[in-house]
Amino acid sequence: MTTPPEPAPETSAPVHSRTVALGLLAMLSVVWGVHWVVVKQGLHYFPPLTYGSLRLLTALATMVIILAPGRRLRRPPRSDLPIILSVGLIQMAVSILIMNFALQAVPAGRSSVLAYAMPLWVAVLMFLAFRVVPHRNEILGILLGVTGVAILVNPGVIDWGNPAEVAGTLALVAYGVMWAGVTIHIRRHTWHSSPLELQPWMLLLATVLVSTAALLFERGRTIDWQPAAVLALLYSGPLATAFAYWASQSITRSLGPISSAMGFLATPVVGLVAGAIILGEALGPADILGFGLVIAGIAAASLLPALRAKPAETPDDAVRGTSAPAPDAAAARAD
């Protein structure tokens, strides 16, 4: 007997209110900004792939503990498989692999800025994929941001004699582009389950991929189980992964890919300050100029459209001319 096709729900899973989303943005910016320093320190105790695997495993365990008592740990609908693959593969597995690889050679502050240039690439991808012409402020933001990235990867800043630093820097730039694509997908996908309910499956996919890589390439390498290592893992897993990825998806669904970038503006700033204070990372003139241009570019592409948006529209609707999923009475349990 042929199984009938799964009926699609009439509406998407509810989104958070703008106030809740902005509160999550503030928390997420601090958590992810400090996390670049935490990972930099944690790599002194863990092999990079093993660290990523344990980070995902503890995050998965956290989500199971949260969802199991309420019987919300259920098989996802087929209609949500694309977003599980997109987030689990790229935003989780690939990002963790790149982050742990790059931070072995690239300063934490510079790494955070290169990765969080993501909002600049959103406008570029929206044009290439959907022919959405950027506004003048977005074009200005792209030019400023790309110039800043070029300064951060110029021969005077990078040690081109260090292949790991060169590869790590280029990988961080590439990840910013990939993350932009996932951000657009998160906004455009019709979520039939909430981000919280899909987190275990995204984390499971990422855990399998990163753990397999760890078993293949780091078998036999030891872990230095110092108290600092345990603290780094607890920060990276439950907080910077389980909470942070759920929060980032919820924020993007509520505010849209361009407007949600406003919160990410603070993340590289926190990363820079944390790297300078905790790790003593020196900031040269080229670093400061590059950082400033990237942040100015993101602000031009993100903040200006949000400030001029009509009250009846979300910022991204005003910029993109699309209708957003309106929060409904169930938004209070949007997860």
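About the centre of its Cα atoms, region 35-314 shows a dipole size close to 940 debye [charges on the beta carbon of Lys, Arg (+1) and Asp, Glu (-1) only; nearest 20 debye]. Here the calculated FRET efficiency for ALA174 and ARG71, from their Cβ-Cβ distance with R0 = 30 Å, stands at 0.15, rounded to the nearest 0.05. If R0 is 25 Å, the Cβ-Cβ spacing of ALA26 and VAL273 corresponds to a FRET efficiency of close to 0.95. Please work out, to two decimal places, the log10 of the ratio I(q)/I(0) at q = 0.11, 0.16, 0.17 Å⁻¹ from a Debye calculation in which every Cα of region 35-314 carries one identical scatterer. Debye output, listed in q order: -0.64, -1.31, -1.44. Among VAL30, VAL269, sorting on how many other beta-carbon atoms sit within 10 Å of each Cβ, with the fewest leading, yields VAL30, VAL269.
Cβ crowding within 10 Å ranks VAL94, VAL122 as VAL94, VAL122, fewest other Cβ atoms first. Size descriptors for region 165-236 (Cα atoms only): Rg and Dmax, in that order, 16.6, 44 Å. Residue exposure proxy: ARG219, ARG55, ordered by other Cβ atoms within 10 angstrom of their Cβ from fewest to most, comes out as ARG219, ARG55. Length gained on full extension, LEU215 to ALA167, computed as 0.36 nm times the residue gap minus the Cα-Cα distance: 15.0 nm.
Read the figures in this text as sums done on the coordinates, not as results from a lab. Note that the structure is predicted; figures quoted are calculated from it, not measured. Glycine gets a Cβ as well: all are built from the backbone with ideal geometry, and neighbour counts include every protein chain shown.
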